[in-house]
Amino acid sequence: MGREIAGFLIRIGAQVFLWIGLLTSEAENAESRPWLLAACALYFSFYFLTPLFSRGRLLLIGSALAAASAQRWFTSGESVIPFLLYYLLLLECLFAADDRNKTPTASGVALASLLPYAGKVQALPLTFHLFLLCLLAFAGIKGSEWRRTAEERREMYVGLAGEYRRLKRRAYEGEQSARIEERNRIARDMHDSVGHHLTALLIQIEVLRQQSGRDENRLALIKALAKKSLEEIRTAVRALHEKEIQGLSSVIHLIRRLETDSQIRVNFTAKQGALSIPLSADKCVAIYRGIQEGLTNAMRHSFAREVDVSLDLPGGKSIRFEVSNRIREAKPYREGFGLKALRERVEQVGGRVEIVPSRERFTVRGIIPLDEKEDIHAQRTVGGRSALGAPGIEDDH
């Protein structure tokens, strides 16, 4: 952004300098001075209007016509400064990053630069002027080809880097899934086998104690040891289940990992305790995968290394996640496999997905309704306090 502003200021400064030179060189002609000032004002009016319209670059033709009119009717024809203005306009048009309207604008500026030759001798011979126009056109064509090649290489690099990061994340997630699955299997085995046998042992010890009537102290000690072992097994099973990241807090871990792996900045905002709401596992997974897909999509298609992610509870009746990133221009999009899978996953839990492309941003938004238990918690949260008794938060990570 700083480089673009600096380039714009340099171009403006050069044109202002040329117009001052033209007005100075024609200072002896007092009658034409007001018309030259009017042409100068018209020139810069067209020039400054170009960023305000989608096809605004065509207005550069108006700037060229203003300069050509001033050169044809209100100058002596002895100055080459107007030609430098045409060449600056052509360079700005031919070497612009945006290819839209490049050819018609360059053609219009070139034709406007020929207007002063109608019935009047100019300081620059027509043949030499045409040669320079052809030279600029050739340079513009080669520059466009070079820029297109560089853009393709950059996109290929970004695509390969994104694919590498996706493979790395999938490997990590696969490893985590394998660990969680193995942990859950061990927990189930401990609960189903060892826990069952210890429970049966406790029952048998109690029966034996009631029947024997002797060595009650020893039997009570054995029963206490078996009961303690059962409690330890249950504690271990609970600990194994709790190793997995629960709830929406996993979103923070996802964002931190992506920032580290992808070198992008994620502006994460969680409003009014949205992270602490007790959602079902399916809804947590849908939100997690939705944010993950939005971030992946942003890394693949956004030119900026910055993404906005937000979670909130609109009205306390639903939870909404949103991933938004800047784009160069609005283009027709087609839902790929990732967005389709996201839409299906969110719809399975009763929600909906909205894809909102605009002129400068692309937004993926998901809205999931809350059930009665979640709704009560959300109403308390929106009312000012979270489920943990802490004020609702709005935080950036």
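FYI, it's all coordinate maths here, none of it is from the lab. For clarity, every value in this text was computed on a predicted model and none was experimentally measured. Note: ideal-geometry Cβ built from the backbone for every residue, glycine included; neighbour counts use all protein chains shown.
List of remarks:
- Partners for Lys102 among lysines (Cα-Cα distance below 21 Å; same-chain residues under 8 apart left out): Lys142, Lys331
- Between Glu231 and Lys331, the modelled label-to-label distance comes to 6.5 nm, taking each label 7 Å out from Cα in the direction of the beta carbon.
- For His253, His301, His129, the sequence from fewest to most other C-beta atoms within 10 Å is His253, His301, His129.
- For region 108-117, Karplus couplings with θ = phi - 60° (6.51, -1.76, 1.60), whole Hz, Gly/Pro x: x, 5, 5, 5, 4, 5, 8, 4, x, 6
- Set of region 277-306 residues, backbone N closer than 16 Å to the point 7 Å along the Cα-Cβ line of Lys168: 296, 299-300
- Whole-Hz couplings from phi, Karplus 6.51/-1.76/1.60, listed for region 285-295; x for Gly and Pro: 5, 4, 5, 4, 5, x, 5, 4, 5, x, 5
- By other beta-carbon atoms within 10 Å, ranking Trp35, Trp146 with the fewest at the front produces Trp146, Trp35.
- Amide hydrogen neighbours beyond the local backbone of Ser79, cut-off 5 Å, H modeled: Ala123
- On full extension, the segment bounded by His301 and Glu206 gains 27.4 nm, given 0.36 nm per residue less the C-alpha separation.
- Shape of region 2-124 from the C-alpha gyration tensor: prolate (a/c of 1.5 or more and a/b above b/c, with a ≥ b ≥ c the square roots of its eigenvalues).
- Amide hydrogen neighbours beyond the local backbone of Gln272, cut-off 5 Å, H modeled: Ile393, Glu394
- Set of lysines near Lys271 by C-alpha distance (under 28 Å), chain-local residues within fewer than 8 positions excluded: Lys243, Lys283, Lys317, Lys340, Lys373
- Low-density loop positions, trypsin sites (Lys or Arg not before Pro), region 100-151 - DSSP coil, at most 16 other Cβ in 10 Å: Arg100, Lys120
- Whether region 1-71 is rounded, prolate or oblate, judged on the alpha carbon gyration tensor where a/c under 1.5 counts as rounded: oblate
- Here is the list for region 51-96: trypsin sites (Lys or Arg not before Pro) lying in DSSP coil, each with at most 16 other C-beta atoms within 10 angstrom of its C-beta, are Arg55.
- Extended-chain gain in nm, criterion 0.36 nm per residue less alpha-carbon gap, Asp371 and Tyr157: 72.6 nm
- Between Asn267 and Val307, Asp308, Val309, the built amide H atoms are under 5 Å apart, and every one of these is 5 or more places off in sequence or on another chain.
- Full-extension gain in nm, Leu114 to Ile5, via 0.36 nm per residue minus C-alpha separation: 36.1 nm
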